[in-house]
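Peer 1: Pasting a structure below so you can have a look.
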Amino acid sequence: MARIGFVGLGNMGLPMARNLLKAGHEVTGFDLNAAQARALGDAGGQVATSAQEAAQAGDIVVTMLPSGREVSALYLGDDGLLAVAGPGTLFIDSSTIDVETARKVATAAQDAGQRMLDAPVSGGVGGAEAGTLTFMVGGADGDFTEARPLLEVMGKTIVHAGGPGNGQAAKICNNMILGISMIGVSEAFVLAEKLGLDHQKLFDISSTASGQCWSLTTYCPVPGPVPTSPANRDYQAGFTAAMMLKDLKLAQDAATHTDAATPLGALAAQTYGLFVGGGQGGVDFSGIIRFLRGHA
Ligand code: NAD
């Protein structure tokens, strides 16, 4: 059984850490929010008094933080996790952050004699609770092989995407497809409404024709055709529009840095920006269809 330090016990981190405990691992956790840390204690984990103490208690350290800013602040510097942890500690950062920061921290880890994987997830809070997340992992082969059994406790699909930062690259590319396709499917339903074409008819045709995609067949943005989609529960998230906007902005930052042409990614980011700016950040991202209807 592994000794694991876990920093960031929020909506995602806490259920992930609980699954590690259930599998018999020793978990020492820390969160700035004391109530979240106490919840780990209630589940049988050890509660550390600082992120540094949690990192020192683990041979493997998992972090699940809001953004690249927190990851840089926590990992780097004289009292950063890379400096204070035992030599050769394997760090797994599962936060969704920008590729540049992920690569910068991975280089700093190597310089400090530590090992580092970026391993962002998809699957949301439901997937974190059920232990069915998808992990997209960047880093060295040997570190991936060592981390894999632990990732399998928290997830179902574990993919090694390449070297440092490639896990984050996979995550933002996937979510750029998702944001664009959700807007495309939503626009088609809004146009169908104007043309007097029934939702179910469009679904029956497009779900078996060339318009087929996940945003249509699994996460349909109108109520009815896919009973499990958030459209059937007034667009309760799911995956919030604010999270989608965060990932689309990361994709746009990366596109700017690499000079990649992503005109539809840029439009998707703008569209979600307007939706979230209108106070809809907590709504499921498929609720974008209501915004499009309102802009006829
Ligand atoms: P969250 O805000 O619920 O959790 C983040 C936690 O980190 C908070 O509890 C916060 O107190 C803690 N934290 C921040 N700075 C800290 C520090 N310096 N030391 C210790 N703790 C600190 O966010 P979340 O929903 O759990 O998401 C975490 C990451 O996972 C994000 O990067 C997000 O983009 C990504 N993600 C989230 C989802 C989702 O559906 N929620 C899905 C996929 C990926």
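Peer 1: Take Phe30 and tell me if it is assigned by TED's automatic domain parsing to the domain that holds Gly139, under 19 Å from Ala140 (Cα atoms) and either more than 15 Å from the ligand (Cβ to nearest atom) or crowded, with 21+ Cβ neighbours inside 10 Å (or both).
Peer 2: no
Peer 1: Against the condition modelled with pLDDT under 95, open to solvent by less than 20 Å² (accessible area, probe 1.4 Å) and within 12 Å of the ligand (Cβ to nearest atom), how does Gly127 come out, does it pass? Even if it seems obvious, please write down each step before you answer.
Peer 2: On the way: modelled with pLDDT under 95: yes; open to solvent by less than 20 Å² (accessible area, probe 1.4 Å): yes; within 12 Å of the ligand (Cβ to nearest atom): yes.
For Gly127, the condition - modelled with pLDDT under 95, open to solvent by less than 20 Å² (accessible area, probe 1.4 Å) and within 12 Å of the ligand (Cβ to nearest atom) - is met.
Peer 1: Another question, then. Could you please let me know if Gly139 is out of contact with any Leu (no Cβ under 9 Å at 6 or more places or on another chain), open to solvent by less than 40 Å² (accessible area, probe 1.4 Å), outside the structural domain of Ala255 (by TED's automatic domain parsing) and away from the ligand (no atom under 13 Å from the Cβ)?
Peer 2: Values: out of contact with any Leu (no Cβ under 9 Å at 6 or more places or on another chain): no; open to solvent by less than 40 Å² (accessible area, probe 1.4 Å): yes; outside the structural domain of Ala255 (by TED's automatic domain parsing): yes; away from the ligand (no atom under 13 Å from the Cβ): yes.
For Gly139, the condition - out of contact with any Leu (no Cβ under 9 Å at 6 or more places or on another chain), open to solvent by less than 40 Å² (accessible area, probe 1.4 Å), outside the structural domain of Ala255 (by TED's automatic domain parsing) and away from the ligand (no atom under 13 Å from the Cβ) - is not met.
Peer 1: Taking helices (runs of 4 or more DSSP H) that fall entirely within the stretch 143-241, which contain at least 3 residues that are crowded, with 21+ Cβ neighbours inside 10 Å and touching a residue at least 12 places away in the same chain (Cβ under 8 Å)?
Peer 2: Answer list for the stretch 143-241: 166-195.
Peer 1: Does Ala261 satisfy the criteria of being open to solvent by 30 Å² or more (accessible area, probe 1.4 Å), in a loop (DSSP other than H, G, I, E, B) and modelled with pLDDT of 95 or more?
Peer 2: The answer is yes for Ala261.
Results for (1) of a type outside the set (Asp, Glu); (2) assigned by TED's automatic domain parsing to the domain that holds Val185; (3) in contact with a Ser or Thr (Cβ under 7 Å, 6 or more places away or on another chain); (4) within 15 Å of the ligand (Cβ to nearest atom), shown as yes or no for each residue.
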site: Val222; (1), (2), (3), (4): yes, yes, no, no
site: Pro227; (1), (2), (3), (4): yes, yes, no, no
site: Phe239; (1), (2), (3), (4): yes, yes, no, yes
site: Met243; (1), (2), (3), (4): yes, yes, no, yes
site: Asp259; (1), (2), (3), (4): no, yes, no, no
site: Gly265; (1), (2), (3), (4): yes, yes, no, no
site: Gln270; (1), (2), (3), (4): yes, yes, no, no
site: Val276; (1), (2), (3), (4): yes, yes, no, yes
site: Gly279; (1), (2), (3), (4): yes, yes, no, no
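The values are calculated or read from the model by the stated rules, or taken from the named source; none is laboratory data. What you are looking at is a predicted structure, and each value in this text was computed from that prediction instead of being measured. With ideal geometry, Cβ positions are generated from the backbone for all residues, glycine too; neighbour counts draw on all protein chains shown. The accessibility values were calculated without ligands, DNA or RNA, using every heavy atom of the protein model including side chains. Shrake-Rupley method; radii C 1.70, N 1.55, O 1.52, S 1.80 Å.
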